[in-house]
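Here is the structure we will look at, set down as structure tokens.
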Amino acid sequence: MKNISNEVLKKIKDNNIKPKPRWYFITKNYFIWLIFGISIILGSFAFSMILFIIKQLDWDIYHYIGESFLKTVFISLPYLWLIFLILFIGVAYYNFIHTKRGYRFKFISILLISLIISVTLGTVLYSNGLSENLGNIFFEKIPYYNRLVYTCEKQWMRPERGLLAGTIIEIGLPENSFILRDLDNNRWKIEASKVIWKGKITPATGLKIKLIGKLINDNNFKAMEIRPWQQGQRRFIMEGNR
Amino acid sequence: MITGSECINKTDEQIVALTLKNQDYYLCLMKRYEVKLLNYILKISNTSREDAEDVLQEVFVKAYQNLNDFDLNFKFSNWIYSIAHNTTISAFRKKKVRPQTVSWEDKDLDNILKSTLDVENASLQKLTYKHILKMINQLPLKYKDVLILKFVEGKDYQEISDILHKPMGTVATLINRAKKSLKQELEKEDIKL
């Protein structure tokens, strides 16, 4: 057997090999924790966006339009933000297992801890209205963003399936009819003689509403139920005012 | 030059601290682990002695370069075994080695067999030992590795966890699966102790 130890010591001396400085490892360790923290925060943002999108949708209308609940869920899930959430949780996991003691934890434990932190923080961000503001910014500033997420707008602007949304612009027509400007700026005459008004609202110009009913022809819609816009649908309120 | 007697009463961790001030102390650490690590590398890689010695040199250099990363809350032996494990795996992944017949001591094989077959004594003919060794070498590396660390190197679950960087639960599962896999092979060949 060669005298390996002596050979290695000679090599260390001859090549002037030095131990890497302590600060290098400390910085590396802090960097790993930093990336872990950033991933968790970004995961929280993603979760708050998921919550915002889910909460602004109406989940009880599937039976009005003859779709199954599962199909509605399948269509409506915010896949873009779900992918981001999974991605950030993945990055958080990868960094956590590369911390000094990270490997001692089970995959499922790290995953659950990361998810719980992201969900909790994401709920706080949602409650503070941050996801709503961010959502509105994304809609306005990021091209094609509205194509990537299923919005309240997509859900309600389906007159052929009996769903319509917009702002009342004229009232006082015969048989309780009124004129509505929908979210795409089209004018509709709404027949509302046998309508159920939900959410303690009365017809007034400038009121933003969602309608369930039946398409009569290109510009006529027979309403059966009318709902107000809810909190978290500010974007539509802004658009409705245009 | 540091002599062996200067290190004899010192712990690994004390010698690490001394090495950071005077590199000659590193010789003591290398001497302590030279044989153990070479055997470990030989067993998990199943390669030639020359190749294993090259890997061991690389292990010692890497360990020296990363000495400031060694955390006193861990055992030095686990830390250097971990470097040896990773270096061996990456070295032999890079160049596909031709399997060699690495000799094992009978007692090492006995330890594995006793645990696998749950018997008190294992005493077999030389030819059978050779045959069993071939079986162990044919096991997937992850199984062979834990069997070697547990029954040849005598490491406990926490130590294996620190060496392989896997949770203790995973280590326990791997050991059980490795034993089961070897037991199945032994039964297939109708080997009884």
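Report the calculated FRET efficiency for B:Gln138 and A:Leu134 (r = Cβ-Cβ distance, R0 = 51 Å), to the nearest 0.05. Intermediate values should be presented prior to the final figure.
Values: r = 56 Å, r/R0 = 1.10.
Once the sixth-power term is evaluated, E becomes 0.35.
Going by C-beta contacts inside 10 Å, put A:Phe84, A:Phe47 in order with the fewest on the left. Walk me through the numbers on the way to the answer.
On the way: A:Phe84 18, A:Phe47 27.
Final ranking by Cβ density, sparse to dense: A:Phe84, A:Phe47.
First select every other residue whose beta carbon is under 10 angstrom from the beta carbon of A:Ile75; then total the charges, Lys and Arg +1, Asp and Glu -1.
Numbers: positive: A:Lys71, A:Lys154; negative: A:Glu67.
Result for the local shell: +1.
Can you check what the net charge comes to around B:Thr170, using other residues whose Cβ is under 13 Å from the Cβ of B:Thr170 (Lys, Arg +1; Asp, Glu -1)?
Values: positive: A:Arg104, A:Lys106, B:Lys142, B:Lys166, B:Arg177; negative: B:Asp145, B:Asp162.
Around B:Thr170, the charge tally is +3.
Under a 5 Å amide H to amide H cut-off, with H placed in plane at 1.01 Å, what residues pair with A:Ile169 once short-range neighbours are removed?
A:Ile179, A:Leu180, A:Arg181, A:Gly206
Quote the relative contact order of chain A in percent (integer), defining contacts as alpha-carbon pairs under 8 Å separated by 6+ residues.
Details: 334 pairs, mean separation 41.6, N = 242.
Across chain A, relative contact order equals 17 percent.
Tell me, what is the FRET efficiency for A:Leu70 and B:Lys130 to the nearest 0.05, using R0 = 51 angstrom and their Cβ-Cβ distance as r?
Values: r = 61 Å, r/R0 = 1.20.
With R0 = 51 Å, the Cβ-Cβ based efficiency is 0.25.
If the viscosity is 1.306 mPa s and the temperature 10 °C, what Stokes-Einstein diffusion coefficient in µm²/s follows for the protein assembly as shown when Rh is the Kirkwood radius over Cα pairs?
Details: Rh = 27.8 Å.
Rounded, D is 57 µm²/s.
Find out how many positive minus negative residues lie around B:Ile148, taking Lys and Arg as positive, Asp and Glu as negative, among other residues whose Cβ is under 10 Å from that of B:Ile148. Intermediate results must be reported in sequence, preceding the final value.
Details: positive: B:Lys43, B:Lys144, B:Lys150, B:Lys155; negative: B:Asp108, B:Asp145, B:Glu153.
Net of charged neighbours comes to +1.
Which number do you get for Rg(Cα) / (2.2 N^0.38 Å) in region B:4-94?
For region B:4-94, the normalised Cα radius of gyration comes out at 1.07.
Mind checking region A:56-132 for trypsin sites (Lys or Arg not before Pro) that DSSP puts in a loop (not H, G, I, E or B) and that have at most 15 other Cβ atoms within 10 Å?
Details: sites: A:Lys71, A:Lys100, A:Arg101, A:Arg104, A:Lys106; in loops: A:Lys100, A:Arg101, A:Lys106.
Passing both the DSSP loop test and the Cβ count: A:Lys100, A:Arg101, A:Lys106.
Expressed as a fraction of 2.2 N^0.38 Å, the rule-of-thumb size for a compact globular protein of N residues, what is the C-alpha radius of gyration of region A:6-61?
Details: Rg = 24.9 Å, N = 56, 2.2 N^0.38 = 10.2 Å.
Here the Cα radius of gyration is 2.45 times the empirical estimate.
Helix A:107-127: angle to the longest alpha-carbon principal axis of chain A, degrees 0 to 90, nearest 10?
The two axes meet at around 40 degrees.
Would you mind computing Rg(Cα) / (2.2 N^0.38 Å) for region A:55-127, counting N as its residues? Intermediate results must be reported in sequence, preceding the final value.
Values: Rg = 17.0 Å, N = 73, 2.2 N^0.38 = 11.2 Å.
Here the answer is 1.52, to two decimals.
Taking only the alpha-carbon atoms of region A:22-148, what semi-axes of the equivalent ellipsoid follow from 5 times the gyration tensor eigenvalues under a square root, in whole Å, largest first?
Values: eigenvalues 232, 57, 27 Å².
Over the Cα atoms of region A:22-148, the semi-axes work out to 34, 17, 12 Å.
Just the Kirkwood number for region A:152-241, please: inverse of mean 1/r across all distinct Cα pairs, in Å, one decimal. Provide the component values of the computation, followed by the final result.
Details: mean 1/r = 0.0790 Å⁻¹.
Result for region A:152-241, one decimal place: 12.7 Å.
On average, how many beta carbons from a partner chain sit within 10 Å of the beta carbon of a residue in B:66-72?
Taking the mean over all residues of the peptide, I get 5.
I'd like the antiparallel share, as a percent to the nearest 5, of DSSP beta bridges with both residues in the protein assembly as shown. It would help to have the intermediate numbers written out before the result.
Details: 22 of 27 bridges.
Taking every DSSP beta bridge with both residues in the protein assembly as shown, the antiparallel ones total about 80 percent.
So which trypsin sites (Lys or Arg not before Pro) in region B:4-105 are both in a DSSP loop and have at most 11 other Cβ atoms within 10 Å of their Cβ? The partial results should precede the final answer.
Numbers: sites: B:Lys10, B:Lys21, B:Lys31, B:Arg32, B:Lys36, B:Lys43, B:Arg49, B:Lys62, B:Lys75, B:Arg93, B:Lys94, B:Lys95, B:Lys96; in loops: B:Lys10, B:Lys75, B:Lys95, B:Lys96.
Of the trypsin sites (Lys or Arg not before Pro), the ones in loops of region B:4-105 whose Cβ has at most 11 other Cβ atoms within 10 Å are B:Lys95, B:Lys96.
Could you state the orientation-averaged shadow area of the convex hull built on the Cα atoms of chain A, in nm² to one decimal? Before the final figure, lay out each step's value.
Numbers: hull surface 82.5 nm².
Projected over every direction and averaged, the Cα hull of chain A covers 20.6 nm².
No solvent, one uniform scatterer per C-alpha: report log10 I(q)/I(0) for region B:125-176 via the Debye equation at q = 0.25 1/Å, two decimals.
The computed values of log10 I(q)/I(0) come out as -0.90.
Rule-based calculations on the coordinates, nothing more; no lab input. As the structure is a prediction and not an experimental result, all values here were calculated from the model. Backbone-built Cβ (ideal geometry, glycine too); neighbour counts: all protein chains shown.
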